[in-house]
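Engineer: Handing you this structure, nothing more for now.
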Number of protein chains: 2
Amino acid sequence: MKSASIISIGNELIHGQGIDTNSQYLAEKLFSMGVEIKAMYSVGDEVDSIVRILNNAVNNSELIFMTGGLGPTDDDVTRHALTAGLGVDLEFHQELLNQINEYFTRRNLTVPRRNKIQAYIPKGSRAIKNVVGTAPGIIGEFDGKLVFSMPGVPAEMHRMFEESVLPEIRRNIEAAERTVIVVRKLKCFGVGESTIAEKLGDMMRRGRNPEINSTAGGGVITLHIIAKAKTEDEAHGMALDDENRLKDILKEIVYGSGDETLAETIGLQLRKRGKTLAVAESCTGGALAESITNAPGSSDYFTYGWVTYSNEAKIKELAVEAELIQKEGAVSEKVALAMAAGAKKKSGAAYSIAITGIAGPAGGSEQKPVGLVYICINGEKHSDLQRFVFPLGRLPMRRRTVNTALNMLRMQLKI
Amino acid sequence: MKSASIISIGNELIHGQGIDTNSQYLAEKLFSMGVEIKAMYSVGDEVDSIVRILNNAVNNSELIFMTGGLGPTDDDVTRHALTAGLGVDLEFHQELLNQINEYFTRRNLTVPRRNKIQAYIPKGSRAIKNVVGTAPGIIGEFDGKLVFSMPGVPAEMHRMFEESVLPEIRRNIEAAERTVIVVRKLKCFGVGESTIAEKLGDMMRRGRNPEINSTAGGGVITLHIIAKAKTEDEAHGMALDDENRLKDILKEIVYGSGDETLAETIGLQLRKRGKTLAVAESCTGGALAESITNAPGSSDYFTYGWVTYSNEAKIKELAVEAELIQKEGAVSEKVALAMAAGAKKKSGAAYSIAITGIAGPAGGSEQKPVGLVYICINGEKHSDLQRFVFPLGRLPMRRRTVNTALNMLRMQLKI
């Protein structure tokens with residue numbers, strides 16, 4: 001098994017001003033390819049510190065992945081750390097400067113002088129093309145170990161990793177003898193982590209192969225099935241067997257696999273059936289529509305969304321009766337039903353979802369506490385209405401509400 | 001200045017299955033106390049790896065903070081790594097077992113046998129009381145360096161750090177000569193990092209005090225002003241002086257300070273003026289409304305939102321003429337203008353924002369590429385319309401578009 005280390009560079013990391021999502025991204029990608037991560041490091045924008053950490057990583061692993069510090073400013077010192085570590089000089093590459101110039105001219109911008117530094121890479125190393133930003137990546141060799149240096153901006157790094165770095169590592173791993181790790185993920189919604197752990201019992205035992213772990217967020221529980229074997233086929237078969245066992249045990253709690261979101265699951269079903277969806281939301285303020293439309297191609301089934309944040313908007317846009325709001329309150333069972341009916345009628349969609357609640361921190365009362373929310377699904381045959389209290393804080397409450405609404409639609413679609 | 005390293009322990013970290021918020025929490029706390037973080041490490045649940053990383057940290061810093069691996073299960077090996085590193089044995093402490101038993105009995109639970117391991121700490125080290133969970137923390141001494149080992153559950157770690165570890169470090173720092181660090185943040189939008197660096201020139205020089213760093217995301221650039229002085233007052237004054245200088249140089253590029261978002265900035269202005277806002281979005285699919293309503297109290301100024309994802313919705317809800325869409329296309333200057341006008345008229349709001357574009361990955365053409373977006377602000381006196389191309393990928397494109405739209409409204413509000 002190939003071993004790797006991940007180094008993220010930036011003062012914002014060691015000052016606690018930003019969270020390092022790049023290392024997690026890389027760790028997950030590498031782990032699922034059967035690469036063993038020895039350690040992950042975060043270090044500031046300082047040549048000596050980077051060189052020290054780089055040497056430590058090189059001594060303990062075969063592949064090293066660095067992110068950050070390739071920008072055009074004075075505190076971007078990764079290229080200098082690489083030259084210091086390698087004991088070589090920086091070398092100017094005209095074709096890299098051409099790419100950088102092209103990036104700016106295509107956007108009708110003048111080329112900032114300081115970006116010229118990004119056309120320099122350590123002697124003997126190779127550049128990796130950046131199709132999204134200006135900073136090329138760098139592939140260098142340290143004592144026979146491969147060092148991949150990529151930009152810190154996540155969108156640039158992801159694209160560069162997927163298109164250029166990943167294929168190179170795959171070739172590298174194929175060449176060596178390998179133990180293959182296959183990771184499959186099952187996505188669950190509707191119960192807590194401990195309930196799932198109880199249902200699975202011995203299957204979640206440490207050291208079992210496949211190993212089964214769980215992580216949780218926004219009410220979604222992800223089960224990671226990690227199978228190890230000599231061949232990809234064998235590992236894949238083991239993971240798949242476990243996946244089927246888990247599905248048998250957990251039944252409708254499982255809504256999908258891989259990185260599938262609840263919005264994607266219902267999107268697939270709606271598209272398959274040729275049905276459309278409209279939403280009317282109050283306390284989630286657009287988060288439900290946003291979650292649905294995060295999925296590419298969602299215009300196939302998602303047609304109308306209303307963010308009726310004011311009472312007036314509920315009345316004018318969704319034909320909720322003013323009297324009803326006055327009598328029952330905007331956050332009530334009957335208003336949720338009326339919003340869903342109004343959205344369905346105005347859009348002509350087969351399904352509508354309506355949400356009304358109190359996200360907080362203000363606006364709660366003893367009878368209607370912060371975190372209270374009514375969700376209504378108005379479907380082809382019937383309406384489902386449910387009341388929840390999610391006293392989680394404003395943003396987690398909104399996220400949990402969106403997922404719960406999507407899950408209610410899933411249950412009505414009987415996926 | 002005291003130096004520190006942070007080590008987070010857990011297989012979920014090196015497998016990319018969880019994000020390490022503990023290290024960021026500790027880094028921010030320590031940094032604002034004037035402690036210099038040398039490096040942050042993440043390592044799996046394996047004794048040898050932990051010992052190797054611990055030795056590296058001890059060689060390079062005076063204070064070491066570890067989180068994770070103190071639980072009762074077989075894969076919690078931090079206490080074993082500490083004993084291996086220190087070359088001592090584990091020692092049983094009856095008073096720790098009493099605390100653990102008390103934790104369970106207070107909750108009417110039977111004490112799991114495996115939790116007894118948590119009453120063992122390396123010989124010569126001290127336990128730190130855990131008031132939230134069962135795992136006591138451990139303070140050990142490695143070659144005269146202090147090693148603080150804390151649980152990985154964030155709520156337990158935060159409480160232990162605040163109540164027990166922080167006071168101890170403060171005493172430790174007070175005893176030495178101390179430097180106070182004050183961090184202030186300025187939030188900018190409208191130009192790239194390199195343009196800001198050019199404008200600031202020498203102020204962003206490495207080693208300057210205050211030090212000025214920048215981080216970027218979604219088009220928002222955050223300038224971190226890090227002032228070091230003997231007293232809090234002095235550091236605060238230095239940071240404030242620089243903040244004022246930066247505002248003078250960058251003028252309208254600066255939109256706020258601290259953790260303020262663009263949505264919060266415009267929210268403050270709208271509330272102050274008693275004005276309302278409505279939005280009509282197509283390609284951002286609710287993300288603009290969501291961003292605006294993330295701010296607590298946004299119902300004071302945000303009233304109506306439309307996610308007119310289909311052409312029919314644009315026509316029926318916003319009174320965009322069907323012929324116009326047919327002639328110009330849904331993604332066009334004129335449709336953006338019509339959407340903004342329709343949203344303003346129907347809502348009666350003082351300001352409206354309309355967005356129409358192509359988020360991709362599909363739907364682009366040579367004339368109208370993926371990433372193309374038209375944004376229109378319909379204000380009290382005039383409308384602003386701008387065309388952008390953000391070829392960043394679906395989700396980053398949506399995020400950049402939302403921020404750009406909010407910034408256009410900010411400029412019209414002349415904040």
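Engineer: Being over 30 Å from B:Leu318 (Cα atoms) and not basic (Lys, Arg): is that true of B:Leu277 here?
Structural biologist: No.
Each row is one residue, and each column tells you yes or no for (1) closer than 25 Å to B:Arg205 by Cα; (2) within 30 Å of the chain's Cα centre (by Cα).
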residue	(1), (2)
A:Ile100	yes, yes
A:Tyr103	no, yes
A:Asn115	yes, no
A:Ser125	no, no
A:Pro136	yes, yes
A:Arg159	no, yes
A:Glu163	no, yes
A:Pro167	no, yes
A:Ile173	no, yes
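Engineer: Within the bounds of segment A:140-158, is there any residue that is more than 14 Å from chain B (Cβ to nearest Cβ), closer than 25 Å to A:Lys123 by Cα and either touching a His at 6+ places or on another chain (Cβ under 8 Å) or of a type in the set (Asp, Glu) (or both)?
Structural biologist: Yes, the conditions are met somewhere in segment A:140-158.
Engineer: Report whether or not B:Tyr103 is among the aromatic types (Phe, Trp, Tyr), over 26 Å from A:Ser23 (Cα atoms), outside the structural domain of B:Ala235 (by TED's automatic domain parsing) and not in a loop (DSSP other than H, G, I, E, B).
Structural biologist: Yes.
Engineer: So, one more: Would you confirm, using the coordinates I've provided, whether B:Asn407 is surrounded by 17 or more Cβ atoms within 10 Å (Cβ to Cβ), within 28 Å of A:Tyr103 (Cα to Cα) and at pLDDT 95 or above?
Structural biologist: yes
Engineer: Pick from B:Glu198, B:Glu252: which is of a type outside the set (Val, Ile, Thr), over 21 Å from B:Gly34 (Cα atoms), surrounded by fewer than 19 Cβ atoms within 10 Å (Cβ to Cβ) and within 11 Å of another protein chain (Cβ to nearest Cβ)?
Structural biologist: B:Glu198
Engineer: Would you pick out the residues in segment B:299-313 that are under 18 Å from A:Ala362 (Cα atoms) and either surrounded by 24 or more Cβ atoms within 10 Å (Cβ to Cβ) or more than 7 Å from every other protein chain (Cβ to nearest Cβ) (or both)?
Structural biologist: Matches in segment B:299-313: B:Asp300, B:Tyr301, B:Phe302.
Engineer: Separate question: Among the candidates A:Ala295, A:Ala322, A:Ala313, which residue alone is assigned by TED's automatic domain parsing to the domain that holds A:Glu380 and in contact with a strand residue (DSSP E or B) (Cβ under 6 Å, 6 or more places away or on another chain)?
Structural biologist: So the residue among A:Ala295, A:Ala322, A:Ala313 that is assigned by TED's automatic domain parsing to the domain that holds A:Glu380 and in contact with a strand residue (DSSP E or B) (Cβ under 6 Å, 6 or more places away or on another chain) is A:Ala313.
Engineer: While we're looking at this one, here's another question. Go through segment A:263-292 and report how many residues are without any contact (Cβ under 8 Å) to a residue 12 or more places away in the chain and within 12 Å of chain B (Cβ to nearest Cβ).
Structural biologist: Counting residues in segment A:263-292 that are without any contact (Cβ under 8 Å) to a residue 12 or more places away in the chain and within 12 Å of chain B (Cβ to nearest Cβ) gives 1.
Engineer: A further question follows. Residues that are at pLDDT 95 or above, more than 8 Å from every other protein chain (Cβ to nearest Cβ) and surrounded by 24 or more Cβ atoms within 10 Å (Cβ to Cβ): which strands (runs of 3 or more DSSP E) entirely in segment A:1-83 hold 3 or more of them?
Structural biologist: The strands (runs of 3 or more DSSP E) meeting that bar are A:3-9, A:63-67.
The values are calculated or read from the model by the stated rules, or taken from the named source; none is laboratory data. Only a predicted model underlies this, so the values are computations on that prediction, with no experimental measurement involved. Glycine also receives a Cβ, built like all others from the backbone with ideal geometry; neighbour counts cover every protein chain displayed.
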